[in-house]
Amino acid sequence: MAGIVACRGEIRCDRGRLVACQSSGGRINVVFGASDSVAPSQVKRLVELVRETDSLRRFPRRYIGSRPITISLIARERQGIEAAAYGEERTIVLPLEAALAWRTEDLRSLLRHELTHIALAGGRTSFQLPKWFQEGFAEWTAGGLTCQGAARIRVNMLLRPEFLKDTSMFKEPAFAASRVGYDVFSTFFEFLEERSTGVNLSLLDSLDAYGLENGIRRATRADLPTLQREWRIYAMRRYSDLREQQACQSRPIPSTR
Ligand SMILES: [Zn+2]
């Protein structure tokens, strides 16, 4: 991978080393291999999509912090994973070929998901958030449940009587790492927000100050087991009927981590 060089001002290309600078809110570095071909306009698109977080209603940039963020474009895809974030390192890894070919709206939602992991990694040293929280929250900030996601939940509820039967899935990291797990847990944050508008962002602040369980209690005025039970009833009611499923545009959805 190419090294990172500091710069001021505009995006600059330097034989495989490419750095983009931001005037406010911290620098964004885009790095890729010296032999890979990436056009400045493609880097500009990535940087502008990250920069958009400034104006996201759902997720203001202050949660992401001002230290540099690195987007690392890796030429060879890791099987089954199309993106990953390393929160402590503030690095987002994207498969180069796919990242440059994705539609802007897909790339935007993917970057928002990964930026959320960076935000969730900041400020918290004493505990790690459980997988269900990290992925559900990241999906929620990325735009929430998609049409395809709703279809996956409805189909699972139809095929598997035990699906959402209880709240045991919160204790299963493997489920939280699955595609339908992302969908399911994003509806937990959808539920919290419907229960009390704006609560998800205040949750971020109280998590840092009070930890997971106390932070949730302070932000929502309910304890986690109670919320999980209420959510399960909400999700079953909202997503149990396949007849309410709308037809979705058929397109592959980038998978994330
Ligand atoms: Zn993720």
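Coordinate-derived values only; no laboratory data. Just so it is clear, the model here is predicted, and its values are computed rather than measured. Positions of Cβ are generated from backbone atoms using ideal geometry, with glycine treated the same way; all protein chains shown enter the neighbour counts.
Please give the FRET efficiency for Arg160 paired with Ala247, using the beta carbon to beta carbon distance and R0 = 30 Å, rounded to the nearest 0.05.
0.85
Return Asp205, Asp106 ranked ascending by Cβ neighbour count within 10 Å, so the fewest neighbours appear first.
Lowest count first: Asp205, Asp106.
Kirkwood Rh, segment 177-217, all Cα pairs: how many Å?
About 10.9 Å for segment 177-217.
If you take the C-alpha gyration tensor of segment 131-244, multiply each eigenvalue by 5 and take the square root, what semi-axes do you get, largest first, in whole Å?
23, 14, 13
Could you tell me the convex hull volume per residue, in Å³, taken over the Cα atoms of segment 78-172?
On the way: hull volume 12.2 nm³, N = 95.
Taking the convex hull of the Cα positions in segment 78-172, it is 128 Å³ per residue.
Under the Karplus relation 6.51 cos²θ - 1.76 cosθ + 1.60, θ = phi - 60°, what is the ordered set of whole-Hz ³J(HN,Hα) values for segment 103-120, x standing for Gly and Pro?
For segment 103-120, the Karplus-derived couplings read 5, 4, 5, 5, 5, 4, 5, 5, 5, 5, 4, 6, 4, 4, 4, 5, 5, 6 Hz, x marking Gly and Pro.
Got a sec? How would Val93, Val43, Val180 order by Cβ neighbour count within 10 Å, fewest to most?
Details: Val93 21, Val43 24, Val180 15.
Neighbour counts put them in this order, fewest first: Val180, Val93, Val43.
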